[in-house]
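Bear in mind that the values in this text are calculations on the coordinates, not laboratory data. In this text, all values refer to a predicted model and were calculated from it rather than measured experimentally. Cβ placement follows ideal geometry from the backbone for every residue including glycine, while neighbour counts extend to all protein chains displayed.
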Amino acid sequence: MNTLIIYASKTGTTEKCADQINKQLKNSKMVNILDQNEDINRYDLIVIGTPIRMGMIDKRIKKFLISNIESLKSKKVAYFICCGFNENWKSYYEQNIPKDLLDNAIIYDTFGGEMDLQKQKGFDKFITKMVSKNTDKNKEIKILNENIERFIKLLDE
Ligand SMILES: Cc1cc2nc3c(=O)[nH]c(=O)nc-3n(C[C@H](O)[C@H](O)[C@H](O)COP(=O)(O)O)c2cc1C
């Protein structure tokens, strides 16, 4: 089985997660959505990863999903998101990804996320500062490695 992992990432977290999947699968390739020109029909499995910003998935990933909706509906596809407010993860899917695609997915899950002030610029830095001021100090924003492992196990079946 060969796998194509397509991802978007602004500050590197989603890319790191995509890389973790890529390293653990046997016959896989990862591509940033900015460079995506692979023929998805040449792959048995497509994994799509995107960060969430202001409640939304990456706009290029969204465009990709819409332009390839018919092919994606007929393929094995798995989705993951990286987000800071993990408790909302299901609604991020419902609000951003067509139901047809989710119904057909072998899995869709959240990998948690990171919010590193040093990596942010401009408006994103402002938002990150605001968020860290207003979030409960005990509620750590982090990558959920157990979710990544569970996800990879399901892909391998
Ligand atoms: C400007 C900004 C807006 C964000 N908005 C959301 C949001 O609406 N919901 C959420 O759960 N996380 C939000 N996050 C957290 C990101 O999803 C998190 O930092 C993620 O790990 C980023 O992944 P990336 O490094 O691959 O871009 C936001 C982060 C920034 C900087």
The ³J(HN,Hα) series, computed from each phi in segment 117-122 with the Karplus coefficients 6.51, -1.76 and 1.60 at θ = phi - 60°, rounded to the nearest Hz and given as x for glycine or proline, is 4, 4, 8, 8, 10, x
Placing +1 on each Lys and Arg Cβ and -1 on each Asp and Glu Cβ in the chain, then taking the dipole about the Cα centre, the residue among 148, 18, 122 whose Cα reaches farthest towards the positive end is 122
HN-Hα couplings for segment 32-46 via Karplus (6.51, -1.76, 1.60; θ = phi - 60°), in whole Hz with x for Gly/Pro, come out as 6, 3, 5, 10, 5, 9, 6, 7, 5, 6, 7, 10, 7, 9, 10
Amide H proximity to residue 30 below 5 Å, modelled H, separation 5+ or other chain, gives 5
So, with points 7 Å from each Cα along the Cβ direction, the residue 54-residue 117 label distance in nm works out to 2.3
Extend 7 Å from the Cα of residue 106 along its Cα-to-C-beta direction; within segment 41-63, residues with backbone N under 13 Å of that point are 43-48
Heads up, segment 3-156 by the C-alpha gyration tensor (a ≥ b ≥ c square roots of eigenvalues; a/c under 1.5 rounded, else a/b over b/c prolate, else oblate) looks prolate
For residue 133, the aspartates and glutamates lying under 17 Å Cα to Cα, once residues fewer than eight places off in the same chain are dropped, come out as 114, 116, 124
Computed about the Cα centre, the charge dipole of segment 72-157 from +1 Lys/Arg and -1 Asp/Glu charges at the Cβ has a magnitude in debye, to the nearest 20, of 360
Two pseudo-spin positions, 7 Å from Cα along C-beta at residue 99 and at residue 139, lie apart in nanometres by 2.9
With residue 13 itself left out, Lys, Arg at +1 and Asp, Glu at -1 over residues whose Cβ is under 11 Å from its Cβ give 0
Looking only at lysines whose Cα falls under 29 Å of residue 73's and that sit 8 or more positions away or on another chain, we get 10, 16, 23, 26, 29, 59, 62, 63, 90, 99, 153
Computed for the chain: size of charge dipole around the Cα centre, +1 on C-beta of each Lys and Arg, -1 on C-beta of each Asp and Glu, debye to nearest 20, value 520
Once Lys and Arg are counted +1 and Asp and Glu -1 for all other residues with Cβ under 13 Å from that of residue 118, the total becomes +1
Each label sits 7 Å from Cα toward the beta-carbon; between residue 75 and residue 88 the label points are separated, in nm, by 2.9
